[in-house]
1. Can you tell me which residue within segment 6-29, out of those that are of a type in the set (A, V, I, L, M) and outside any helix (DSSP H, G or I), is nearest to K40 (Cα to Cα)?
2. Out of the residues in segment 48-64 that are over 12 Å from P13 (Cα atoms) and within 13 Å of the chain's Cα centre (by Cα), state the one that is modelled with the highest pLDDT.
3. Kindly evaluate I85 against the criterion of being exposed (fewer than 11 other Cβ atoms within 10 Å of the Cβ), among the aliphatic types (A, V, I, L, M) and either modelled with pLDDT of 95 or more or out of contact with any Asp or Glu (no Cβ under 7 Å at 6 or more places or on another chain) (or both).
4. Restricting attention to segment 30-46, report how many residues are part of a helix (DSSP H, G or I) and either within 16 Å of R58 (Cα to Cα) or among the hydrophobic types (A, V, I, L, M, F, W, C) (or both).
Amino acid sequence: MTPEGARAATTLPSSVDEVAEKLSMEKSRVKDVLESLFRKGVAIPRDFKEKNHFRLARNIVQLHDATLASKHMRDPEVRSALEGIW
């Protein structure tokens, strides 16, 4: 996780607008950072289509499941690398 991602994570649960305001960041950058946290399974959107409000994974089981269920896991190289970690 990047320092920027860690700062964003400390503001959750929050909307993209709230994170942008709290961290004095551009909304588009906040969306990118939160999307990255989502792809890593760290942040979970309230609505998977809109992705305007995020919260942290509740526990290690949700983190595990969210990581392995992500779309990027369809890539065999990514999947094999992460499955080895879990």
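The values are calculated or read from the model by the stated rules, or taken from the named source; none is laboratory data. This one's a predicted model, so the numbers in the text were calculated from it and none came from an experiment. Cβ: placed from backbone, ideal geometry, glycine included. Neighbour counts: every protein chain shown.
1. Only one residue fits best here, namely L12.
2. Per the stated criteria, the residue is K51.
3. Criteria met by I85.
4. 6
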